[in-house]
1. Can you report the number of residues in the stretch 134-184 which are modelled with pLDDT of 75 or more and more than 28 Å from Ala39 (Cα to Cα)?
2. In the stretch 42-63, how many residues are free of Cβ contacts under 8 Å to residues at least 24 places away in the same chain and within 18 Å of the chain's Cα centre (by Cα)?
3. Of the residues in the stretch 78-118, how many are over 19 Å from Asp42 (Cβ atoms) and assigned to a loop (DSSP other than H, G, I, E, B)?
4. Suppose we filter Arg111, Arg101, Arg97, Arg73 for residues that are closer than 17 Å to Leu129 by Cα, of a type in the set (D, E, K, R) and modelled with pLDDT of 95 or more; which single one remains?
5. State whether one or more residues within the stretch 19-36 are modelled with pLDDT under 75 and either aliphatic (A, V, I, L, M) or in contact with a strand residue (DSSP E or B) (Cβ under 6 Å, 6 or more places away or on another chain) (or both).
Amino acid sequence: MSRVETDSMAEIKLLKEGLRNEEIDCMAIKSAIHVVDRAFIDARYWDGLKVTLQSTMITRMKSNLKFELTEQRVVVENETNQGVISDHIIALESSTRPWRRIGFIAPDGERYHYLTNDFDLESGVIAFLYHRRWDIEKYFDNFKNDMANAKAWGKSRECIEQQSLLAMVSYILMRLFIDKKSADLGISDGDTTQKLKHEAKKSNYTRSD
């Protein structure tokens, strides 16, 4: 689904109200897995989607979210679950249904906790999917900061869509240029920290035949 929105709207409100009149409502797809930002945490909303459409969600845990640990799940020791340190069933104060809280240590040593109402996926897959969502998030960070696109050039949907596409193409061309010509021109190859993190993530999640 492609969607350009010009109105200011809270994230969870967009899901509840902003997509109702769309030709294709991504929230109406059955058995979908929604990997979302913490701003989309609304337990009752996701409980309803799971009951009606068998759709589930994955997000980062909020530090101020009130819950109780009710049961510890067994984490199978395999390649998929590398980095997973805990998998608990929890009772959220804002929900009458069970949820999962997954503890994970990333390759760079950072500790994370994920929240999901999906009880079928392995805990390592939950962590992997959220990390992939974060890669997409980095594009928007580059779009706003590295490419000075924090503000829209215009207010129409067409203008915003064109600005986004131009930024995407420009960024890809810039990265290709730096990758191919940085050594010849004696210029920096950019953010080496992010490059190392990306390479570590690839080596950690890519299986060789």
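1. 14
2. 1
3. 11
4. Arg101
5. The answer is yes; a qualifying residue exists.
The values are calculated or read from the model by the stated rules, or taken from the named source; none is laboratory data. Because the structure is a prediction, the values reported are computed rather than measured. Note that we place each Cβ from the backbone using ideal geometry, even for glycine, and neighbour counts take in every protein chain shown.
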